[in-house]
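First the structure, in the form of structure tokens, and then the observations on it.
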Amino acid sequence: MHDNVPAPLPIDEILPQIRNALAVGPNLVIGAPPGAGKTTRVPPALLDPSLSVSGRVLVLQPRRMAARAAARRIAYERGTAVGEEIGYQVRFDQRVSARTRLIVVTEGILLRMLHDEPLLESIGAVIFDEFHERNLNSDLALGMVRRIQQTVRPELRIIVMSATLDSAPVAAFLGGCPVIESAGRMFPVTVNYWGAGGDKRQLAAFVAEGITRVLTQTPGDVLAFLPGVGEIRQTTAETQALARKHELVVFPLYGDLPPEEQDAVLMPSERRKLVLATNVAETSLTIPGITAVVDSGLARQLRFDPSVGLDRLLLGPISRASADQRAGRAGRTAAGICLRLWEERTHIHRPAFELPEIERVDLAAAVLQLWSWGETDVTSFPWFQPPSQASVDAALALLERLEAIEDRKLTSLGQTLARLPVHPRIARLLVEGARQGCLSQAALAAAMLSERDPFLRSGPSGGRGGGKGAGTPRTAALYVSRSDVLDRVRALEEYEVHGHTETPFGPINPGAAAFIRRAHDQLVAEVRGKVADGRDQAPDRLEPDALLHALLAAFPDRVAKRRDSSTGKGVMVGGRGVRLAPQSAVTGAELFVCVDVDAGQTEAIVRQASAIEQDWLPARRLRTVDEAFFHPTQKSVVGRRRTYWDDLVLEEVNIPASTGEEAAKILAEAAWSDWDRVFPDDDVEVNSFLARVRCLAAWVPELKLPEFDNARLQAMLFELCQTRRSFEEVKKAPWLETMKGQLTYAQRETVDREAPERIAVPSGSRITLTYEVGRPPVMPVRIQEVFGLRQTPRIAAGRVPVLLHLLA
């Protein structure tokens, strides 16, 4: 054992309660605010022999950095080396041996373990730390572990720990298990507010000013929260003079930072530290010496945009719960201060908690994981919070397009995609890349699409992936193919071979490029280990369009067709308008795949496109149909033969329009909305008959005559459209005969008798009556023709007198 006795933490006081609760039941919820020590003290408590945990203890962390740091701290406090009793496993890095009893892992690692070991036979307890972050993977993993516990392993222990989450719903989900709360943070933190956040384009300068303010208020290190890597770089530049003046050492801190650089942030420093971090530092991590926090109040979150079926990384304000978490970083080791860069009066208007990922991101990966695990009824799966049916349906639709699901069954390809630790469409890119003999290129493309962009951009930082917004114009590009993705792959390959950092897409960021290469190597190894044909062909056999074929397989729902040859505008599957970014090399292709898209407001901007040919599209998923349409100019129904990919029209030719029921319905709908163009208002007989029937129906309701209301007129119109194609033909149709056909023979006789078209007068003439609903019938007649008329004529069984308009 080592001589350093761990300092007491608030959580220590409730460890006996935790052990007692777990001795009685398998599940437990622990609420403990930042700084209480739950991450480092609760997991090793489960190694107590009295609890008889049969198997290893898994501790889930939402981030790789936090997982490594937690394992190292636990190992240090127990006086052992990492990889012995205490270990960790994250992407690209693991320290686990046969002697390891407690493993700190990321949520994605647990999901992969569940694929290889569906019942977790080697695991005795699973601890979900920082569950309040509500990542999709943590929700999925909790449901899967709970399902195992409920069906085959009741002894499996589940512990959920959170700093800000309401504990009662989680406890209810775990069968009404106990909830144990810990004391508050160790040291007080004074929270101040300043400004309204300023112009976001000036965020770096605004944060630098905030750092200047807190440096004189505390002697400790400073942690500033920024929304992304771009803002971290900008703030680093803004604080150079400040760092020299105060002899600060400036550390960036974000998820893709190499592990050794992440570890350096967590180590004690002889000089005062300024740490510029994304929200990776919001939970789990304790950075020694931090006594001041500057909070920009902003973060980037993935959100699903249903209009184009994409997750977008959007900048927005953090919740009040996240703000509390960030402030808590200043009180871990001593009293501290937190400067929030927004006005105090606006704080209450921030959301109380972050929206869980299950409500805002694409569910395709989660649904595929469940299907491969045997859970095909996603809605009946024990979710802590069930997803919406629309999100599940969208995920299933994408998986069908990727050929992972067919006829409501998981395909062998789907099983393969589920075993790869990436999104299903990225997995599809890798598998097809292996089939096409371009696995290495496909893996580079997959890494660049999934990870941080290796090409630096100038100007305000956006999210991941544009890559071309401010680089050299594409007219000066060295790499001009029919695919922006392939061009970027070649630029990175050129850098790796010759070290050329300048590219048409912006300078290469060596750190990001190294991370991309590590991701590439891992993806290639994964595919070769799990896909039968996961090998590259020899380079001289590589088809120039091989990667383009693979991109089509991965993005079948993002095929677009150019609207005309002179613009970069087109329409994508789903009907959304798209526009190629000016820097795109895909200038001439009629069909292209929209690989990297900014959904935008009206048109989606395609930052990376890849040309395709129509004959590349699988014939089984193309359909050709004859369709009828109403032509608004010709005012007629026309026929077209269309070839579709999904709902995207690839080809169409004019054909004679049919006169069937579908065409009649189309013509009738158009005609009804333009009634004055098709109804023969100038036909006296038609209008007279219609008025006579309507008037008589009102005067003698017991006759039960048809009223020729809108419903009956629409039905008549549909009948008349059955053998016609245009408004002109409809107007010339036999309206009078059709109207009379709505009455029985007896009713027609009654109409002629009780609402006659003409009436005989003493002169012997038969004078036409004028009918109008709501008014008496009118007979305009010369006065001399009615000499001898003893009484006013009456109609409608004598109920209605005729109004005589006597003429000179």
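What the table shows:
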read-out: 25 Å Cα-Cα reach of LYS245 towards lysines, excluding residues that sit fewer than 8 places from it in its own chain; value: LYS273
read-out: The range 12-166: Rg to Rh, with Rh as the Kirkwood radius over Cα pairs; value: 0.92
read-out: Among beta bridges that DSSP assigns inside the chain, antiparallel share in %, nearest 5; value: 50
read-out: Potential lengthening between THR738 and ALA81 on full extension [0.36 nm per residue; Cα-Cα distance subtracted]; value: 227.1 nm
read-out: Using alpha-carbon coordinates, inclination of helix 107-116 to the longest axis of the chain, degrees; value: 80
read-out: Relative contact order (percent, whole number), the range 275-383, Cα cutoff 8 Å, 6+ residue spacing; value: 30
read-out: Computed E for VAL653/SER566 - FRET, C-beta separation, R0 22 angstrom, nearest 0.05; value: 0.45
read-out: At R0 = 45 Å, FRET efficiency that the Cβ-Cβ distance of ASP752 and GLN634 yields, to 0.05; value: 0.65
read-out: Estimated FRET transfer efficiency (THR501, THR212; beta-carbon r; R0 30 Å; 0.05); value: 0.35
read-out: Qualifying trypsin sites (Lys or Arg not before Pro) for the range 370-464 [loop in DSSP, other Cβ within 10 Å: at most 15]; value: ARG408
read-out: Helix 136-151 axis, angle to the chain major axis (alpha carbon atoms, nearest 10°); value: 80
read-out: Acute angle (nearest 10 degrees) that the helix 710-721 long axis makes with the longest principal axis of the chain, alpha-carbon atoms; value: 80
read-out: Of the chymotrypsin sites (Phe, Trp or Tyr not before Pro) in the range 44-102, those whose Cβ has at most 13 other Cβ within 10 Å and which sit in DSSP loop; value: PHE92
read-out: Simple label model, 7 Å out from Cα along Cβ direction - ALA172 to GLU719, nm; value: 5.9
read-out: Sparse-neighbour loop sites [trypsin sites (Lys or Arg not before Pro); the range 74-167; at most 11 other C-beta within 10 Å; DSSP]; value: ARG99
read-out: Theoretical gain in end-to-end length, GLU155 to GLU603 [0.36 nm per residue, Cα-Cα removed]; value: 155.9 nm
read-out: Gain in span if fully extended, LEU807 to GLU661, counting 0.36 nm per residue against the direct Cα distance; value: 47.4 nm
read-out: Cα-based reach from LYS569 at 16 Å (exclusive), listing aspartates and glutamates while leaving out same-chain residues under 8 positions away; value: GLU590, ASP596, ASP598, GLU603
read-out: Solvent-accessible area per residue, Å², over the range 709-749 with all protein chains present [probe radius 1.4 Å]; value: 57
read-out: Percent carbon-and-sulfur accessible area, the chain, ignoring ligands, DNA and RNA, probe 1.4 Å; value: 50
read-out: Karplus (6.51, -1.76, 1.60) ³J(HN,Hα), θ = phi - 60°, over the range 785-793, in Hz, Gly and Pro reported as x; value: 7, 10, 4, x, 6, 7, 8, 5, x
read-out: LEU226 long-range amide H proximity, modeled H, under 5 Å; value: ALA277, THR278
read-out: Longest site-free stretch - the chain; sites: GluC sites (Glu not before Pro), DSSP loop, at most 10 other Cβ within 10 Å; value: 271-808
read-out: All lysines inside 19 Å of LYS740 as judged from Cα atoms, apart from same-chain residues fewer than 8 positions distant; value: LYS704, LYS731, LYS732
read-out: Relative contact order of the chain, defined on C-alpha pairs under 8 angstrom at six or more residues apart (%); value: 8
read-out: Matching label, P(r) over Cα pairs in 10 Å bins from 0, in percent computed from the structure shown, candidates [x] 2, 11, 17, 18, 15, 10, 7, 7, 6, 4, 2, 1, 0, 0; [y] 2, 13, 23, 26, 20, 10, 4, 1, 0, 0; [z] 3, 13, 22, 23, 17, 11, 7, 4, 1, 0, 0; value: [x]
read-out: Rounded to the nearest 20 debye, dipole of the chain from Cβ charges on Lys, Arg, Asp, Glu; value: 860
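The values are calculated or read from the model by the stated rules, or taken from the named source; none is laboratory data. Source: prediction; values computed, not measured. Note that we place each Cβ from the backbone using ideal geometry, even for glycine, and neighbour counts take in every protein chain shown. Side chains are part of the model used for accessible areas, which takes the heavy atoms of the whole protein and leaves out ligands, DNA and RNA. Shrake-Rupley method; radii C 1.70, N 1.55, O 1.52, S 1.80 Å.
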